[in-house]
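S.K.: Could you have a look at this structure, given as C-alpha cells, before my questions?
The values are calculated or read from the model by the stated rules, or taken from the named source; none is laboratory data. Nothing here was measured: the structure is a model prediction, and the numbers come from that model. No Cβ is skipped: glycine too gets one built from the backbone with ideal geometry, and neighbour counts run over all protein chains shown. Just the protein is used for accessible areas: all its heavy atoms, side chains included, with ligands, DNA and RNA removed. Shrake-Rupley method; radii C 1.70, N 1.55, O 1.52, S 1.80 Å.
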Amino acid sequence: MHGIEGADLVVVGAGTIGGWASTFAALDEVGRVVVLERGVAGQGASSRAAGIVRAQGGTAVAVALGRWSIDFYRSQPERFGTDSGFRELGYLILAVSEEDEEAGHERVAMQRAAGLPVRWLTPDEAAGLNPTLSTQGIRGASYLATDGHIDPPRNVRAYGLAMQAAGVELRERTAFTGLLTESDRDSGNERVVAVETERGPIATSRVILTGGPSLRALGRVAGIRIPAGAVRHTVAVLEPHDAFAVDRQPMAFDIGAGLYWRLEEGGLLFGWSDPNDRPGEARSVDWAMYEAMRERLASYVPVTRGLGLRKIWAATIDFTPDHLPILGPGRTADGRRIDGVTVASAGGHGMMWGPAVARVAADLALRGQTDLVDVSDLGLERFDEHGRSRLATDPIALPFPADADDDAGVRVPTGAG
Ligand SMILES: Cc1cc2nc3c(=O)[nH]c(=O)nc-3n(C[C@H](O)[C@H](O)[C@H](O)COP(=O)(O)OP(=O)(O)OC[C@H]3O[C@@H](n4cnc5c(N)ncnc54)[C@H](O)[C@@H]3O)c2cc1C
C-alpha cells in the first residue's frame, strides 16, 4: 500500500451513524478519520426522519440503546456546544386490542426490571396527560415522561459541526466502490487493507460501513451480504391549532396501525409505514393511505379533523428483518470474518438509537469490544442465507415488510414510532 493515501479509520456514509461514529472515534484519538459520502452529509434517511426518540424499547437491548442516546442528546450542549434539538414530551404507547394490552403489560415489566420508570395508564389517565386524546378505542397505554424527539435537520448540523471540531475529514460526493482485503493464513480470516473510492484508494486497517437504506447495496459492493431493507415511510404535518400551542404534550403511538404523532411548530406531525408497500426506494405519497391515516388519527385526536395539511413527505427508511440493529464484523459470502470491518445499522431507529449505535460501532472498530450493550447477538451471523434472523423480533416497530429482499413477497405487520 505504498504510495497511496492512508487513514486510521474510514467511515462510509455521512448519516447520523457515520457522523457520530466518526466523531467518537476521532475524539478517542484514533488518528486520521476519513468519512466517505457519495452525496452530501445527511441526504439519506437522517435528514428526513420524524425524530421520535424513545427509551421504551421492546427488548432490553432496545431500552439500553434508547436510554444511552437520550442521555447523549441531553449532554450535547456541554460536550459539543450545540444540540440535536432534543425535546422531552413524554410518550404514550397505546393499547388498542386485547393483545396490545397483554403485550404492553409484559413490556412494562421488562422495562421496569431494566430500571426504566415506565408506567401503565388507564385511558382516562392517558387523556389526563394529553387532553387532545379521545379515550374511545383505547384500552390503556404505557408511558414514559422522559421520551421525546429531536429535530433531524438540526441533528445533521450538530454532527457536521462535531465532526469538523473533532478533525474528521468529510469527503462529500465521493462514493465508496469496494474493499481490498488480504487473507490471513493463520486465522483463516480476511483483513481489510484499503477501501476503493471514486477518487482512488485509501489504505486503512479499519472501516465502519453504514448506509441506512443503502446498506444492502453498499454491502454488495463490499462483497458482504447484509440483509437490511429499504421501504417507504411517510410523514405529514398539520397546520397549527390552539390545542397544540403548548410546550409539552405526550407523543403517542398506535403500534398496530404503525401510526405515531407528536407536536410540531404548534401543529401535529404524524407518520406511518404501510405493511403492503414493497421494499425498495420510494419517494411518492400514497394519498389513499394518507386519507386512511388521517381518519385513524382523527379517531384518536378529534381536533385534527378538518385541519389543513402543512407539509408531507415520503422517504426511504432502513429496516432489518428483526427490527434490531446490526453491529458486528463484516463477513465474506462464505461466512469468514473480515477483520477490521464493522457493519453498523440502526435498523430504522437511527434517531432513537443512533448515537448509541454509533458509539458501539466506534468501540468495535477501535477496540473490538464495547461496554455499552451486549452485542454478541447483533452481528450478521444471526441471519441465515435467506436473511432470516434467529432472534425474536423487537415487538415495538413499524409495520415494515417481513423480508428485506427487494422482490420479497411475504409481509407481516410488526414497528420506529
Ligand atoms: C420518513 C422517515 C421517518 C423516520 N422517522 C424516524 C423516527 O421518528 N425515529 C427514528 O429513530 N428513526 C426514524 N427514521 C429512521 C432514521 O432516519 C434512520 O434509521 C437513520 O437516519 C439511519 O441513519 P444512517 O446513518 O444509518 O443512514 P443514512 O442517514 O441514510 O446515511 C447513510 C449515508 O450513506 C451514504 N451512502 C450510501 N451509499 C454510499 C456509498 N457507496 N459511498 C458513500 N456513501 C454512501 C448515503 O448517501 C447516506 O448519506 C425515519 C426515516 C425516514 C425515512
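S.K.: How about segment 325-369: which of its residues are within 12 Å of the ligand (Cβ to nearest atom) and of a type in the set (A, V, I, L, M, F, W, C)?
M.R.: Residues of segment 325-369 within 12 Å of the ligand (Cβ to nearest atom): 325-327, 343-358, 361.
Matches in segment 325-369: I326, L327, V343, A344, A346, M351, M352, W353, A356, V357, A358, A361.
S.K.: Could I ask something else about it? So, of the residues in segment 266-284 that are part of a strand (DSSP E or B) and out of contact with any helix residue (DSSP H, G or I) (no Cβ under 8 Å at 6 or more places or on another chain), which turns out to be nearest to the ligand (Cβ to nearest atom)?
M.R.: Looking only at segment 266-284, we keep the residues that are part of a strand (DSSP E or B), and these are 267-272.
Now narrow it down to the ones that are out of contact with any helix residue (DSSP H, G or I) (no Cβ under 8 Å at 6 or more places or on another chain): 269, 271.
On the way: L269: 9, G271: 6 Å.
Of everything passing the filter in segment 266-284, G271 is nearest to the ligand (Cβ to nearest atom).
S.K.: Next question, about the same structure. Among the numbered criteria (1) within 12 Å of the ligand (Cβ to nearest atom); (2) in contact with a strand residue (DSSP E or B) (Cβ under 8 Å, 6 or more places away or on another chain), which single criterion is violated by R220?
M.R.: Going through the list (1) within 12 Å of the ligand (Cβ to nearest atom); (2) in contact with a strand residue (DSSP E or B) (Cβ under 8 Å, 6 or more places away or on another chain), R220 breaks only (2).
S.K.: In segment 159-183, what residues are assigned to a helix (DSSP H, G or I) and open to solvent by 60 Å² or more (accessible area, probe 1.4 Å)?
M.R.: L161, Q164, A165
S.K.: Another question, then. Might you let me know whether segment 286-305 holds any residue that is out of contact with any Pro (no Cβ under 9 Å at 6 or more places or on another chain) and within 11 Å of the ligand (Cβ to nearest atom)?
M.R.: No, segment 286-305 has no match at all.
S.K.: Out of A55, A25, A62, I need the residue that is more than 26 Å from R216 (Cα to Cα) and either open to solvent by less than 10 Å² (accessible area, probe 1.4 Å) or touching a His at 6+ places or on another chain (Cβ under 6 Å) (or both). Which one?
M.R.: None of the other options fit; the residue is A55.
S.K.: Right, another one. Here is a list of conditions, (1) under 17 Å from the mean Cα position of the chain (by Cα); (2) surrounded by 24 or more Cβ atoms within 10 Å (Cβ to Cβ), and I70 meets all of them except one; can you say which number that is?
M.R.: Result: I70 fails condition (2) only.
S.K.: Given (1) surrounded by fewer than 21 Cβ atoms within 10 Å (Cβ to Cβ); (2) under 18 Å from T181 (Cβ atoms); (3) among the small types (G, A, S), identify the lone condition not met by A222.
M.R.: (1) is the only condition that A222 fails.
S.K.: Out of all the residues in segment 343-382, which are open to solvent by less than 10 Å² (accessible area, probe 1.4 Å), within 15 Å of A228 (Cβ to Cβ), in contact with a strand residue (DSSP E or B) (Cβ under 8 Å, 6 or more places away or on another chain) and not in a helix (DSSP H, G or I)?
M.R.: If the condition is that a residue be open to solvent by less than 10 Å² (accessible area, probe 1.4 Å), within 15 Å of A228 (Cβ to Cβ), in contact with a strand residue (DSSP E or B) (Cβ under 8 Å, 6 or more places away or on another chain) and not in a helix (DSSP H, G or I), then V343, A344, S345, A346, G347, G348, L378, G379 are the ones that fit.
S.K.: Something else: Based on this model, can you work out whether S97 counts as hydroxyl-bearing (S, T, Y) and surrounded by fewer than 22 Cβ atoms within 10 Å (Cβ to Cβ)?
M.R.: yes
S.K.: Moving on to the next point. Tell me which strands (runs of 3 or more DSSP E) are completely within segment 1-111 and hold 2 or more residues being more than 9 Å from the ligand (Cβ to nearest atom), farther than 30 Å from V301 by Cα and of a type in the set (V, I, T), or say none if there are none.
M.R.: Once the strands (runs of 3 or more DSSP E) in segment 1-111 are filtered for at least 2 residues that are more than 9 Å from the ligand (Cβ to nearest atom), farther than 30 Å from V301 by Cα and of a type in the set (V, I, T), what remains is 9-12, 33-36.
S.K.: Looking at A397, is it surrounded by fewer than 17 Cβ atoms within 10 Å (Cβ to Cβ), at pLDDT below 95 and among the hydrophobic types (A, V, I, L, M, F, W, C)?
M.R.: No; evaluated as a whole, the condition is false for this residue.
S.K.: In addition: Might you let me know whether segment 190-197 holds any residue that is crowded, with 21+ Cβ neighbours inside 10 Å and touching a Lys or Arg at 6+ places or on another chain (Cβ under 8 Å)?
M.R.: yes
S.K.: Looking only at residues in segment 184-232 that are in contact with a Gly (Cβ under 9 Å, 6 or more places away or on another chain) and among the hydroxyl-bearing types (S, T, Y), which one is nearest to Q43 (Cα to Cα)?
M.R.: The extreme case among them is S214.
S.K.: Next question, about the same structure. Name the single residue, out of those in segment 285-319 being part of a loop (DSSP other than H, G, I, E, B) and modelled with pLDDT of 95 or more, that is surrounded by the most Cβ atoms within 10 Å (Cβ to Cβ).
M.R.: Of everything passing the filter in segment 285-319, V301 is surrounded by the most Cβ atoms within 10 Å (Cβ to Cβ).
S.K.: Identify all residues within segment 159-213 that are basic (K, R) and under 24 Å from T23 (Cβ atoms); write none if there are none.
M.R.: Answer for segment 159-213, where residues must be basic (K, R) and under 24 Å from T23 (Cβ atoms): R171, R173, R199, R206.
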